[in-house]
1. Could the peptides A:249-261, B:452-464 be put in order, highest first, of the mean number of other beta-carbon atoms found within 10 Å of their residues?
2. Suppose the chain between A:GLU322 and A:SER264 were pulled fully straight at 0.36 nm per residue; how much longer would it get relative to their current alpha carbon spacing?
3. With +1 on each Lys and Arg Cβ and -1 on each Asp and Glu Cβ, how big is the dipole of region B:393-440 about its Cα centre, in debye rounded to the nearest 20?
4. I want to check the label-to-label distance for A:GLN213 and B:LEU435. Put each point 7 Å from Cα in the C-beta direction and report it in nm to one decimal.
5. Would you please give the residues with an amide H less than 5 Å from that of B:ASP162, counting only those at least 5 places away or on a separate chain, with H modeled from the backbone geometry?
6. As an exercise, identify the GluC sites (Glu not before Pro) in region A:157-239 lying in DSSP coil whose Cβ has no more than 13 other Cβ atoms within 10 Å.
7. Of A:LYS216/A:LYS349; A:LYS55/A:LYS161; A:LYS203/A:LYS349; A:LYS216/A:LYS370, which ones are farther than 29 Å apart at the Cα?
8. For helix A:197-213, report the angle its Cα long axis makes with the longest principal axis of the Cα atoms of chain A; keep it between 0 and 90° and round to the nearest 10°.
Amino acid sequence: MSSAMETLFQRTCDVLFADLAESEDLNINFEAEESLFIRFNKSKVRQIVDVTQIKVSLFLQIGKKNAEHSLQIPATLFETGEGHEFLNASLNDLRDEVRQLPDDPFALSMRNNGQSREDMSGDALPGANEFCEQLLGPVAGVDLAGLLVSGTNYVGNRNSKGQAHWFVTRSFYFDYSVYSAKEKAVKGLYADTRFDPGIYAGKIAASLDYLDQMEKPNKVVAPGRYRCYFSPEAIGEIVELMGWNGFSRGALSRGNSPMPDLDSGNKSLSPLLSMAEDFSLGLVPSFNALGEPAPERLSLISRGKLVNLLTSSRTAEEYRLESNQANDSEAPRSLSIEPGELAERDILKALDTGLYISNLHYLNWSDATKGRITGMTRFACFWVENGEIVSPIQDLRFDETFYNFWGDNLEALTEVAEIQPTVLSYDQRALGGAKVPGMLINNFNFCL
Amino acid sequence: MTTHLKDLLDQLSGDADWVGLREHAEITCLRTARNGNAYSNSTDRDKGIMVEVLVDGQFAYAGTTDITRAGVQRCYDRAAGLAALANRYNLHKFDDTARPAGSGGYRSAVARPLDEITPAEVQESLIDITSRLKISDKIIETQASALITRLQVNFVSSNGADWSQEFSIITRDFAATAQGNGDFQRRSLGMEGRQWGAEALDVSVMADDIARVAEQALELLDAEECPTGQFDTLLMPDQLYLQVHESVGHPLELDRILGDERNYAGWSFVSPEDFGSLQYGSPLLNISFDPGLAGEMATYRFDDTGVAAEKHFLIRNGLLVRGIGGIESQQRSALPGVSSSRACSWNRPPIDRMGNINIEPGDSSYEDMLAAMDRGIIMHTNRSWSIDDYRNKFQFGCEYAQQVENGRITKTLKNPNYRGITTPFWNKLAMVGDLASREIWGSPYCGKGEPNQAIRVGHAVPACLFRNLDVFGGA
């Protein structure tokens, strides 16, 4: 199927490029998915959905004027004999719009940024029937809710200057949570390119073990500052929020960034903290919507000092900076935080007394330019005393700046960083993720 | 508008107990300007069909952009196969009463149709706004945006449903960011989304708001930090609408109460026994699901399962009486609900969504509420929001606040925030603004569901006064 989709992409581009005038440049992005979504509640099927969608985005530039039109096309576009006409009409609509728009003073000259090809389509994945059997078998009698997403994603880019990129990945994830009769919950995730029933059974067993520990009555922890361990899943939530202007060079220039104090050197973070955009993780294509290949590794924070912010070519043009081939939103696509030295077996001992935070929920900037973040604990979080789990906690709200929790209060990082794949599916199944360790943090502020 | 769909339906072959074809055709343009220049112009044309089938009590769905007889038949076969296998793990047996055979149409009421304004005219307006916002060198960034949507939804089914709805929606916003005194302050209109036409982009009508936003951005640079403590707080509609959304709308969704959303958006502190017994707020609190209020983002005649839309009270005199759940959730839970099964596009199944969730106006004028504050704070325009997965512990931040002493506004405050817990908060409601203080707000980005769906919701709310909220300032 990969070759059929690639043929559709190439033919679509060929038709559109053939229709261009000399004064016109066209950049084409292609995003397609063949996805199966099975939604579970109480270990039963709540909804089952199959979606094939193919989106083509055309960015047309005529001199300093430009605009983008995205459209859905069917896989059978060229089977009906109307494909050429449809694409040429779409391009003409875009032309009509571009010609009437004012100049874009920061329009970029289109360039050939090279070619790349990455095909990770791998083995076939189980079908819907096999997934239902494999996923529900080990949870008979368990109250489980979750979502299976399985299928193939295709990403392509070409422009009229000759650049060409193609990326295919086939994978699944099962994002689930299990519940006790007392409404206690434990979160789990199994993501891979090949389904292994043994690995899945192990993950479910571990989740159910945690659920047993949740059976004790909740401890109501009073607001205050506590020593905490944050799991890689919880750190992944913080990293996701940081993507909202946190690493954006454009946001810094526009006065909408949490980084002014770090950028100016007024503040620094812990020397234990180093993070980079790292495309060697293979989670997403390294080319952006302009087809620019990003460096395989770009250091953002090194030993607590800000080294780079993500800078798109557009921001670079506007503020006369060097681009590092970030995407338009200047959010990390494949962030990696360097691990530390804390062994997993030593986490509770190192925590001693405080909070073990497995998951966080609904984070937002509460004072964006000062780096303050609010959010909630969620799922299996525990009160720990003398290195032993005592009881689950009633969920707490926190409100704290990363200058504090990644600054002097960052005490240790775990020796293993774990990949946290993106599990979002707004509009289409998303790609990407982060590789992050757990963190031991002192004096973390909980307010409600 | 549904002739082609009926033809496709008639040509399907198969033995499903019920089949429906839901077609979404949406054109959304996002146009932005910054600092007196055009910044971006993007248009998304999304069109496809979701084929829904019911086999032995199990619904299943397959979506496609291939709107041909063969393409729709392939989806029908795929959906029927998925329904048959999912039947072994069926959560609830439905029948075709979950897809009523409604017929008719709906069209947004607009003063000036969207096709009467060109892309160039929209850009001209946005550029003009950003130029007007630049009233000082201290304003380092000005932005304006218009998210313009034309949406047509058509639905036909094997039991006779045949309806069509056309929506004209614009979400507009503009903002000025000021720098000075070692600080950055951003002031905006607030993301203002409604069903309306090109009249929403008339700069002359917005002139006072543009001037106010620019002036207040500068004012905030010299403002005092919002104090920490318990204060009577007047929440203006451009903040209160999101409070309603997060702490009334979401917890009343029946699919959350039934546990469908536990793994992603979250559960609810509300349990089935609470309907008819929980005193959600003070007796002044009246909250309705109102799909008929003209101009709101989620005004419609049918939800996406074909249930005719009607106004219902969710909370009456502070008492919880009804949930936000469509016909499937009503049948599963035996709880009263509303016509609120909605899908964000052709590629997602309908789930329980908010629609328009409104606070019914009271009888207090703005001046009455101001006079009733000895030591209070007025908060304007949301800038930060967060709430837990059961919808209890929330925290909100606003762009701009004013201190009130003895019934008079005495100074401007920056970085205002408040936090609380849902039902104690709503029971602190002391005065409800009258119709004159009511404003229509809404969001195009309400997210929930697995797979995820972002959908448009509306909230018409008056200003409301709350006693003794926990208020605090910036970092």
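1. B:452-464, A:249-261
2. Gain on stretching A:GLU322 to A:SER264: 19.1 nm.
3. Using only the charged Cβ atoms, the result is roughly 200 debye.
4. It is 5.9 nm.
5. B:GLY102, B:SER103, B:GLY104
6. When the GluC sites (Glu not before Pro) of region A:157-239 are filtered for loop state and at most 13 Cβ neighbours within 10 Å, A:GLU183, A:GLU215 remain.
7. From the list (A:LYS216/A:LYS349; A:LYS55/A:LYS161; A:LYS203/A:LYS349; A:LYS216/A:LYS370), the Cα-Cα distance tops 29 Å for A:LYS216/A:LYS370.
8. 40
FYI, it's all coordinate maths here, none of it is from the lab. Note that the coordinates shown come from a computational prediction; the quantities given were computed from them, not determined experimentally. When we count neighbours, we look across all protein chains shown, and the Cβ atoms used for this are built from the backbone with ideal geometry, even at glycine.
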